[in-house]
1. Residues in the range 1-38, backbone N under 19 Å from the label point at Glu231 (7 Å along the Cα-to-beta-carbon vector): list them, ranges by number please.
2. Over what distance in Å are the Cα centres of the range 1-80 and the range 88-126 separated?
3. Each label point is 7 Å from the Cα along the Cα-to-Cβ direction; what then is the distance between the points at Asp35 and Glu199, in nm?
4. Per-residue HN-Hα couplings for the range 259-266, Karplus 6.51 cos²θ - 1.76 cosθ + 1.60 at θ = phi - 60°, whole Hz, x for Gly and Pro?
5. What residues qualify as long-range amide H neighbours of Leu42, i.e. H under 5 Å apart, gap of 5 or more or another chain, H built at 1.01 Å from N?
6. How would you rank Tyr110, Tyr88, going from fewest to most other Cβ atoms within 10 Å of each one's own Cβ?
7. What are the residues whose amide H is under 5 Å from the amide H of Tyr84, where those residues sit 5 or more places off or on another chain and H is modelled from the backbone?
8. What nm distance separates the two modelled labels at Asp116 and Ile256, each placed 7 Å from Cα along Cα→Cβ?
Amino acid sequence: MSDRLLIALDVDGTVMREDGVITPEVIAAVHHARDLGHEVMLATGRSVSMTLPVLDRLGIEPTYVVCANGAITLQRDPGATTGYSQAYVETFSPREVLTTISQHLTDGRYAVEDADGRFRYAGGDFPEAGIEAIGERVDFEDLLDREATRVVVLSPGHDLDDFLAVVEKMGLHKVSYNVGWTAWLDIAPDGVNKATALERVRELLGFARTDVVAMGDGRNDIDMLEWASAEGRGIAMGQAPLEVLDASNETTGTDIAGGAAQVLAAL
């Protein structure tokens, strides 16, 4: 392992608590890692517009940022209004998957994120994700023919175990999907996830596989943690579900206990 690491951090449940708080201890630990010369970046399921403010709150300007579970990779661009421009974008047609899911979830709520990070949604509200704040309500049929970087499905009528059982029956073989903490499903282009985007970033920045560190807590972090654990450090947050813990080769404290700060401060 070299003296410089590529450190990829999930946002929600990792550097940010579920109540939206980023503690001073986490910010200080992130700065500690950055000031040691490590490349500290975010790898999140959030859209671009919901990710960039987190960078500002953390006070970092990494070369690359992975958004939308790997479908969008941003590159630092001083000439851009936001300071970042799109380097890589992966899209897919959501028609087949939306048609399939709607047959199984009659009360589902659906949102499609496009390459510009704009959401269109149908079937009900999305209060948990703030999708409404950056989106447009449309009819369900209007979602089917728009190229998507991500499809989000919310099913408030199901508990998580029930929702997992429904998802397994859908046979979603042509897209990558991850189920969140509640009855929440993120669907990405086939073969695209945080790990595929981070492997591209790693190659672009010239890091060895042994010099990668990834930290996360959700099912959408499983690929990333397996990727990092293969030769580097894949670190699961203490509150992560069992399948996420199994994908990692290290565990830290919970988000409430400041697990991310514990790892970064120890570098």
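1. 1-8
2. Taking the Cα centre of each part, the range 1-80 and the range 88-126 sit 26 Å apart.
3. The two pseudo-label positions are separated by 3.6 nm.
4. Those phi angles translate into x, 5, 5, 4, 5, 5, 5, 7 Hz.
5. Correct list: Leu9, Val66.
6. Neighbour counts put them in this order, fewest first: Tyr88, Tyr110.
7. Amide H to amide H, under 5 Å and 5 or more residues apart or across chains, Tyr84 pairs with Asp77.
8. Computed distance between label sites Asp116 and Ile256 equals 4.2 nm.
Computed from the coordinates by the stated procedures, all read-outs in this text should not be read as laboratory data. Computed from a predicted structure; not experimentally measured. Using ideal geometry, Cβ is built from the backbone for each residue, glycine included, and neighbour counts are taken over all protein chains shown.
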